[in-house]
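**Student:** Before I ask anything, let me first share the structure, which is written out below as structure tokens.
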Ligand code: DP6
């Protein structure tokens with residue numbers, strides 16, 4: 001499949017300046033994507049919950065470029081302040097999209113972006129940020145050329161998000177999404193994610209995910225470098241086979257509403273991800289002593305109260321605590337009374353499974 005469209009160029013005298021705005025959430029992988037090949041294709045399938053509160057709000061303003069240069073013209077501000085590093089990263093992303101959207105060269109872009117969570121919180125913003133931007137771009141295509149149908153719109157937004165950051169491709173749908181080919185999930189493929197929202201048991205539609213911020217410091221090894229290290233990881237082949245099998249199993253668990261099977265797989269996935277880091281060459285460690293202290297307390301709480309509270313981890317030290325809505329009151333007191341002590345500045349974000357991205361009115 002190709003989205004390349006050399007015909008998507010503008011008659012610039014007909015274009016008036018405009019703007020588009022999207023809010024797109026972050027997501028938490030239940031079965032993890034870790035290892036990639038080719039042009040941002042995953043070595044194994046993955047499945048995630050889309051979050052609700054943790055999101056990026058992006059406005060894309062455009063006008064005809066006065067002088068069409070060789071590259072693209074993109075400026076980005078984060079929380080109202082011009083950001084050079086993000087401007088450059090976004091310009092690179094736009095340049096990569098030129099075979100799909102050659103008109104990007106004909107316009108000047110000013111992007112305003114803000115996250116709902118503190119910038120320094122140590123929460124990855126690439127999934128929400130890249131998906132918000134991709135949604136603005138597909139929307140812009142519709143405005144300047146021909147609007148796409150609903151399913152096509154989100155597929156293309158997922159495809160473009162993936163080129164920006166792999167995990168971002170799962171953020172464009174509410175509920176849950178699968179990325180990579182999985183038996184039994186229609187249309188699942190490596191190039192864009194597909195929603196499995198209609199397969200979600202009601203128990204999981206209202207699931208909670210509270211994020212404990214164990215450390216806000218910059219990670220010592222980036223996800224990008226981590227994916228790369230999988231190429232020489234001695235356990236890689238077995239891991240990819242395991243993740244493929246598990247993604248299929250997890251989709252079935254989500255359909256059945258089996259919270260115990262869910263939790264067991266969730267925790268094993270988190271620990272396996274970090275075991276892969278520890279068995280990379282060179283090995284590295286992203287969890288912190290407080291990550292382990294919290295894990296022990298969660299397991300103790302579960303033994304004592306029989307509450308189905310389970311954790312997962314991203315590629316970092318912060319913990320995501322997942323549990324059913326019916327147990328929210330009890331779990332929240334447990335977090336406040338026994339876990340906040342282990343968090344950086346006592347910080348945590350209460351989040352839950354969300355409905356997916358939203359198109360917003362532009363502020364003039
Ligand atoms: C551990 O999507 O951040 O969160 O494709 O290089 O941008 P790039 O990597 P990224 O990797 C995320 C890895 C993960 C697992 C997951 O979200 O599936």
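The values are calculated or read from the model by the stated rules, or taken from the named source; none is laboratory data. Just so we're clear, the structure is a prediction, and the values are computed from it rather than from any experiment. Here the Cβ positions follow ideal geometry from the backbone for every residue, glycine too, while neighbour counts run over all protein chains shown.
**Student:** Got at least one residue in the stretch 160-181 being assigned by TED's automatic domain parsing to the domain that holds residue 71, more than 16 Å from the chain's Cα centre (by Cα) and surrounded by fewer than 24 Cβ atoms within 10 Å (Cβ to Cβ)?
**Tutor:** Yes, some residue in the stretch 160-181 is assigned by TED's automatic domain parsing to the domain that holds residue 71, more than 16 Å from the chain's Cα centre (by Cα) and surrounded by fewer than 24 Cβ atoms within 10 Å (Cβ to Cβ).
**Student:** Going through the stretch 331-350 one residue at a time, which ones are at pLDDT 95 or above and either more than 21 Å from residue 299 (Cα to Cα) or touching a helix residue (DSSP H, G or I) at 6+ places or on another chain (Cβ under 7 Å) (or both)?
**Tutor:** Listed by number, the residues that qualify are 334, 338, 339, 340, 342.
**Student:** What tally of residues in the stretch 1-38 results from selecting those that are surrounded by 11 or more Cβ atoms within 10 Å (Cβ to Cβ) and either within 16 Å of the ligand (Cβ to nearest atom) or farther than 30 Å from residue 108 by Cβ (or both)?
**Tutor:** 14
**Student:** Restricting the search to the stretch 336-361, which residues are surrounded by 22 or more Cβ atoms within 10 Å (Cβ to Cβ) and in a helix (DSSP H, G or I)?
**Tutor:** Within the stretch 336-361, just 339 meets the criteria.
**Student:** Can you give me the number of residues within the stretch 303-334 that are over 20 Å from residue 206 (Cα atoms) and either part of a loop (DSSP other than H, G, I, E, B) or without any contact (Cβ under 8 Å) to a residue 24 or more places away in the chain (or both)?
**Tutor:** 7
**Student:** Give 104, 133 a once-over and let me know the one that is within 27 Å of residue 179 (Cβ to Cβ), touching a helix residue (DSSP H, G or I) at 6+ places or on another chain (Cβ under 8 Å), in the same structural domain as residue 177 (by TED's automatic domain parsing) and within 16 Å of the ligand (Cβ to nearest atom). Give the steps one after another, and end with the answer.
**Tutor:** Details: 104 fails: within 16 Å of the ligand (Cβ to nearest atom).
Only one candidate passes the filter, namely 133.
**Student:** Give the residue that is nearest to the ligand (Cβ to nearest atom), with candidates limited to residues of the stretch 145-179 that are in contact with a helix residue (DSSP H, G or I) (Cβ under 7 Å, 6 or more places away or on another chain) and part of a loop (DSSP other than H, G, I, E, B).
**Tutor:** Top of the filtered list is 165.
**Student:** Of all residues being out of contact with any helix residue (DSSP H, G or I) (no Cβ under 8 Å at 6 or more places or on another chain), more than 19 Å from residue 295 (Cβ to Cβ) and modelled with pLDDT of 95 or more in the stretch 198-224, which is surrounded by the most Cβ atoms within 10 Å (Cβ to Cβ)? Just the residue, please.
**Tutor:** My answer is 205.
**Student:** Now for a separate question. For the stretch 224-266, what are the residues that are within 13 Å of the ligand (Cβ to nearest atom) and either closer than 27 Å to residue 307 by Cα or not in a helix (DSSP H, G or I) (or both)?
**Tutor:** 243, 246, 247, 250, 266, listed by residue number.
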